[in-house]
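One structure follows; several queries about it will come next.
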Amino acid sequence: MRAEILETAIKARIFFVMGAKDTGKTTFVRDLANELFRQGYSVGLIDADVGQSDIGPTTTIGLGTVESVLIHLGDATLRQFYFVGATSPKGHILSVMIGARQMLDQALALGLQKIIFDTTGLVAGQLGRVLKEHKIAVVNPDVIICLQAHQECEHILRLYDAFAKPVVLRLAPDSRCRQKTSSERRHYRETALQKYFAQASNIECSFTEIGIFETTLFSGQPLAPQEIQEFSEILWGKHDESQTNELKSQILWGEYIGKELHLVTSHRLEHAQFLKLKQGCPNIAYVRNYTLAEFENILVGILNRRNEFCALGILRSVDFATRQAIIYTSAARQDIAGVKLSNLFLLYRK
């Protein structure tokens, strides 16, 4: 560890480590954490690499503490994690920022003397700049440590050169690093999730009793049976009683949220059917259509009664008639107070 880094590290509390993929960020974070631990400091690690998580499950931002010298970054003791529900920050920047801040607040509340924030390798272009610029604003680090080979991060770093805080340190990448292929990264994620769900089981819970996040469903006024029949006739026309009952079954759930109509159907509605709804119900401002498949084998985050993520789960199915759900998880039923949905399908079975 360079003397310049150690001198700065002794004075600072919050470190922000960044760099492109395969520059040695994880190894550097481990070495810095070990050195600070050896010097007697309490050390916290926040792993915000949602796609290649070492601390906390894949798709999360994890907070760990150093209790002994680390061989691997994942040897840190997991204290808490925030479920982003994605393997890349792209399209999930708000969730990443919330998770980063929550894990930092938890680390500060624990009174940790040194907090090292590890990040994804997304630094290129406007997206990389926006992501890192906002994350730095949220974390407010004392020091930015950047590993770069060819000034690939300068469009971000130069923003902070004139400030007294954060101090910016530029380092060459670790020469021992090997570039990982996309298939290797995907295999790492899949293996990590399989290992995580090794002790999971199916649990039945009611969506009428817990909070459901990242969806608008179950927050509005449910459709009455007569309304479901009326919408069925608009979509598919009038039929005899037996056919009407069959068509009604294609609308599995419906509700109003203000002037919006939200429908869960067995198959996705076609454009012409949306037009029929708009023409037949001019008071409806917007129609949102879900299909049953969107609620099968979905990765979810489990929230406990303290509103903290305590486990991951796989939403196997939802019975919309009863609002009963089957979730594959290691969490105990009594600990499930909320579920945050994602767009990730996971077909892993024990």
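The values are calculated or read from the model by the stated rules, or taken from the named source; none is laboratory data. The shown structure was predicted, so the numbers you read here are calculated from the model rather than taken from an experiment. With ideal geometry, Cβ positions are generated from the backbone for all residues, glycine too; neighbour counts draw on all protein chains shown.
Can you find a residue in the stretch 275-286 that is of a type outside the set (D, E, K, R), part of a strand (DSSP E or B), more than 22 Å from THR58 (Cα to Cα) and in contact with a Phe, Trp or Tyr (Cβ under 8 Å, 6 or more places away or on another chain)?
No, the stretch 275-286 contains no residue that is of a type outside the set (D, E, K, R), part of a strand (DSSP E or B), more than 22 Å from THR58 (Cα to Cα) and in contact with a Phe, Trp or Tyr (Cβ under 8 Å, 6 or more places away or on another chain).
Right, here's the next one. Would a scan of the stretch 219-226 turn up a residue that is in a helix (DSSP H, G or I) and within 30 Å of ASN289 (Cα to Cα)?
yes
So that you can scan it fast, the table gives a plain yes or no per residue for (1) under 19 Å from ARG189 (Cβ atoms); (2) without any contact (Cβ under 8 Å) to a residue 60 or more places away in the chain; (3) of a type in the set (Asp, Glu); (4) not assigned by TED's automatic domain parsing to the domain that holds GLN106:
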| residue | (1), (2), (3), (4) |
| --- | --- |
| PHE295 | no, yes, no, yes |
| ILE298 | yes, yes, no, yes |
| GLY301 | yes, no, no, yes |
| ASN304 | no, yes, no, yes |
| GLY313 | yes, no, no, yes |
| SER317 | no, yes, no, yes |
| ALA321 | no, no, no, yes |
| SER342 | yes, no, no, yes |
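Restricting the stretch 201-250 to residues that are of a type in the set (Asp, Glu) and under 38 Å from the mean Cα position of the chain (by Cα), which is modelled with the highest pLDDT?
Of everything passing the filter in the stretch 201-250, GLU204 is modelled with the highest pLDDT.
Check every one of the strands (runs of 3 or more DSSP E) wholly within the stretch 72-186 and list those with 3 or more residues that are free of Cβ contacts under 8 Å to residues at least 60 places away in the same chain.
77-83
Further question on the same structure: Which numbered condition in (1) closer than 20 Å to CYS205 by Cα; (2) touching a Phe, Trp or Tyr at 6+ places or on another chain (Cβ under 7 Å) is the only one that ALA337 fails?
Just one mismatch for ALA337, condition (2).
Of all residues being over 20 Å from THR216 (Cα atoms) and among the aliphatic types (A, V, I, L, M) in the stretch 310-349, which is nearest to the chain's Cα centre (by Cα)? Just the residue, please.
Ranking the candidates gives LEU312 first.
For the structure I just gave you, tell me whether ASN307 is at positive phi and either under 25 Å from the mean Cα position of the chain (by Cα) or among the basic types (Lys, Arg) (or both).
On the way: at positive phi: yes; either under 25 Å from the mean Cα position of the chain (by Cα) or among the basic types (Lys, Arg) (or both): yes.
Judged against the criteria, ASN307 is a match.
How many residues are surrounded by fewer than 19 Cβ atoms within 10 Å (Cβ to Cβ) and assigned to a strand (DSSP E or B) when one looks only at the stretch 317-340?
Adding up the residues that qualify gives 5.
Then there's this: So in the stretch 11-24, with the set limited to residues that are within 21 Å of the chain's Cα centre (by Cα) and outside any strand (DSSP E or B), which one is surrounded by the fewest Cβ atoms within 10 Å (Cβ to Cβ)?
My answer is LYS21.
Quick check on my filter: what residues within the stretch 140-179 are among the basic types (Lys, Arg) and either loosely packed, with under 10 Cβ neighbours inside 10 Å or not assigned by TED's automatic domain parsing to the domain that holds MET18 (or both)?
Going through the stretch 140-179, the residues among the basic types (Lys, Arg) turn out to be 158, 165, 170, 176, 178.
The answer is ARG176, ARG178.
Here is a further query. How many residues are over 18 Å from GLY51 (Cα atoms), surrounded by fewer than 20 Cβ atoms within 10 Å (Cβ to Cβ) and not polar (S, T, N, Q) if we restrict to the stretch 76-112?
Summing the residues that are over 18 Å from GLY51 (Cα atoms), surrounded by fewer than 20 Cβ atoms within 10 Å (Cβ to Cβ) and not polar (S, T, N, Q) in the stretch 76-112 gives 7.
Could you run through the stretch 180-235 and say how many residues are among the β-branched types (Val, Ile, Thr) and surrounded by 14 or more Cβ atoms within 10 Å (Cβ to Cβ)?
6
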